[in-house]
Structures are given as C-alpha cells and as structure tokens.
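Below is one structure, written out as structure tokens; comments come after it.
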C-alpha cells in the first residue's frame, strides 16, 4: 500500500543510545550497527517491524492504551512524549512523527526535540486543513462540525516548515483500500464511517463527539440507502487513490 510504503522508507535509522539528565531512558542497548526509528504517538504503526530487521524501530508512545494494543513481535517501544524524548542528542539517523503533531501540548518544543535526536533527517506526516476541508466529502458534505474541530488544532504547513528549519513537501495520496484507519482512509468505503468502532479510532470524529456527528451521520446513512451518495460521488468509485491534503514533510538536518 502506498502510504505504508512511504512510512517504511522514511524510518530507516542508525542507533546511538544514551541517557539525558532528568529523563528516564530506554536503557537496553541494541547490538552494534543496529538501526533505530522513532514513531511519535502512533503505536498502531508497530507493524512496521514486519518490514524492518529486528531492533531497527523504536516507537515513542505516551498512551498506556495504545501500547497495550501493539501486536506480538512489534518494534520496541518506550512510553514518553515528543516534547521530552528519552534519548541522547543525535540518537537516530532519522526521526518520524506520524499524524501526531496536532495532539502535542507544545509544538515548538516537540519539533525541537525531533531535531535534537535526529542526526540526518526529520520526517513528519501531517495534513493541509484547507485542502482537507475542500476535498474530503465526509467533512465537507456531512460533518462540518468535525472540520471545525480540526480547525482548532491543525498546524499550518508553513508554520511547521519554519519550525523544522525548512523542509520539502510531498503529497501523500490515500489508496482506496487503505488499512491504517486514519481520517480519510475510507474515502471510497463510506459505510465504514457509520461504524462506531471506526469512528472511535479517528480522533477528529471521536473528539468531536457523537451528539455533534449524529445529524450528519444520519444524512450519510440515508444517502447510502437511497443511492444518492453513489450518484453524487460516482467519479470517486473509479479512482485508486486521491489527494485530500495529507503531506509528508522531509527536513534534512
């Protein structure tokens, strides 16, 4: 799948473990020449370990719940926050933050930490809120209150580029069969958004709240039952991937 391949390619790193004063470190040392990756806030992506040799990826995750959901044989993980990473300076060839920066309490501090820990590269997967609002049918046509919620926390691309000290920007199309379950993953499978289990895994929807979503979800259910959604969005059904604003920012240190 396109998105997963981009994330895997971005996360190859070489380890240089160490201790920072006042921070509880990840104390196990890998074998000489091991590679290390850091995933800030996205423990579900520990399936990356299936693509990388053992001990090449370290997941950084603040949530006990997310850590508990990691599948067997996942990459090593440490409970920490992006604003205070328990790693020494230049600890990894590259550092990745995947759809997480909008959850941070101090964006500038978190980005500074990524730059401190990375020896060569910082990679951030995020989205352009204006493009997302305009192109993604779910928030544009049915759930404007979810879009309004994201307006309060989305990070402008320009600000993020400035904090990174400059970065190149790459478009990340979302494939029609995406399995990662983030906001627009089901753009060609609209019925999925009617499933409360799916919504619970998408922070934009879970944090907006069921009461605020109910009218729009009822309208979506009706449009699916009558066929109006398929008539209105017939052009989507023949596409393999779409651009709804997800962007990969790559900053070379």
For the pair residue 64/residue 159, report the inter-label distance in nm, with labels modelled 7 Å from Cα in the Cβ direction. 3.2
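Given R₀ = 25 Å, what would the calculated FRET efficiency be for residue 250 paired with residue 131, taking r from the Cβ atoms and rounding to 0.05?
0.85
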Label-point gap, in nm, between residue 235 and residue 90 - each point 7 angstrom along Cα→Cβ: 5.1
Segment 142-161 and segment 173-251 have their Cα centres apart by a whole-number Å value of 16
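Using a 10 Å cut-off on Cβ atoms, rank the peptides 169-175, 91-97 from the highest mean neighbour count down. Display every interim value, and only then the final one.
On the way: 169-175: 16.6, 91-97: 26.3.
Answer by packing, highest mean first, reads 91-97, 169-175.
Here, each number is a calculation from the coordinates, and none is a lab measurement. Everything numeric in this text was worked out from a predicted model, so none of it was measured. Backbone-built Cβ (ideal geometry, glycine too); neighbour counts: all protein chains shown.
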